[in-house]
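Remarks on the structure that follows.
The values are calculated or read from the model by the stated rules, or taken from the named source; none is laboratory data. These numbers come from a predicted model, not from an experiment. Counting neighbours? That spans all protein chains shown, and the Cβs are built from the backbone with ideal geometry, glycine included. Surface areas here come from the heavy atoms of the whole protein model, side chains and all, with no ligands, DNA or RNA. Shrake-Rupley method; radii C 1.70, N 1.55, O 1.52, S 1.80 Å.
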Amino acid sequence: MTNESQDVEPNEQTQNQINDNLAQVRQLMSSACERVGRDISSVTLVAVTKYAQPVWVKALYQAGMKDFGENRPQQLVARRPQFAPDIRWHLIGQLQRNKVRPTLQNCDIIHSVDSIRLLDRIELIASELDVKPTVLLEVNVSGEASKAGFTPNDLMQSLDKFNQLKHLSIKGLMTMAPIVSTPEDARPTFAGLRKLKQQLTDEGIALSELSMGMSGDFEIAIEEGATLIRVGSRLYKGCE
Ligand SMILES: *Cc1c(COP(=O)(O)O)cnc(C)c1O
């Protein structure tokens, strides 16, 4: 990684570009909310920073962003101390069990819990650290073999397990849409996650969050009930 120094200030051009990109994303979020009668405050934009230069992260922070997402635990752990302490860091990518401890020490919410083994590990380390992390369960809604996550069936069979965990707080579900040619094609995946959340709630596992939608499809995800959208490349358009 090049220049991770916090001392670098974004130049005016970069700051303006980031401000414009953010304003555009917020406008699209707002229109999507209006189409389905949702309040914009019910959707949190998580700025995904995995490919972002540190100055872009800083420019986003200066534009008012407080939620940032990394997909690699190592980069999250390395970056957190370099940026403002009031940032909420989200882990959105795969977490290996041997990275759970540093992740819990540096991260506010984990979107990508994809197995019971990982859940058990988080429960154990959280009890040792005396913390109660917020986690989301990653679901493979579309059923692609290459994809991580619980199957909808696994989830419904694990309800007792979820109720037993005392050192973590399961707040919702996360999914990745398959790679599709038009955003509209992602809709069934997002609708599927929303229905699954309802099913779990009906079974007594009350969930409030749906993490779904990225640069190409966040408007559809909002229409289908996303409460957290994970947007990366769209925020850095024109930055170099
Ligand atoms: C990279 C990434 C995103 C953001 O993708 P963009 O298309 O750049 O918006 C969202 N979610 C996850 C899990 C990612 O790894």
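Just need the relative contact order of the stretch 5-149 here, percent rounded to a whole number, with Cα pairs under 8 Å and 6+ apart.
Value for the stretch 5-149: 17 percent.
With a 1.4 Å probe and all protein chains left in place, how much accessible area per residue does the chain have, in Å²?
Roughly 48 Å² per residue, with all protein chains present.
Using the C-alpha atoms of the chain, what convex hull volume per residue, in cubic angstrom, is computed?
Output value, Cα hull per residue: 127 Å³.
For the chain, what does -39500 (n - 2.57) per DSSP helix run (n ≥ 4), summed and divided by total residues, give at 222 nm, in deg cm²/dmol to the nearest 500?
Helices in the chain give a 222 nm mean residue ellipticity of -12000 deg cm²/dmol.
Starting at the first residue of the stretch 145-161, write each ³J(HN,Hα) from the Karplus equation 6.51 cos²θ - 1.76 cosθ + 1.60 with θ = phi - 60°, in whole Hz, x for Gly and Pro.
Karplus values, whole Hz, x for Gly and Pro: 4, 6, 9, 6, x, 5, 7, x, 5, 3, 4, 5, 8, 10, 4, 4, 4.
Using packing as a proxy for protection, rank 143-156, 180-193 so that the peptide with the highest average count of other Cβ atoms within 10 Å comes first.
Most protected by this proxy first, the peptides run 180-193, 143-156.
Each label point is 7 Å from the Cα along the Cα-to-Cβ direction; what then is the distance between the points at Lys237 and Asn153, in nm?
Each label point lies 7 Å from its Cα, and together they span 4.1 nm.
Where nothing but the Cβ of Lys and Arg (+1) and of Asp and Glu (-1) is charged, how large is the charge dipole of the stretch 104-197 around its Cα centre, in debye to the nearest 20?
Here the stretch 104-197 has a charge dipole of around 260 debye.
Say the cut-off is 25 Å between C-alpha atoms; which of Lys99/Lys166; Lys66/Lys166; Lys147/Lys195 go over it?
Too far apart for the 25 Å limit: Lys66/Lys166.
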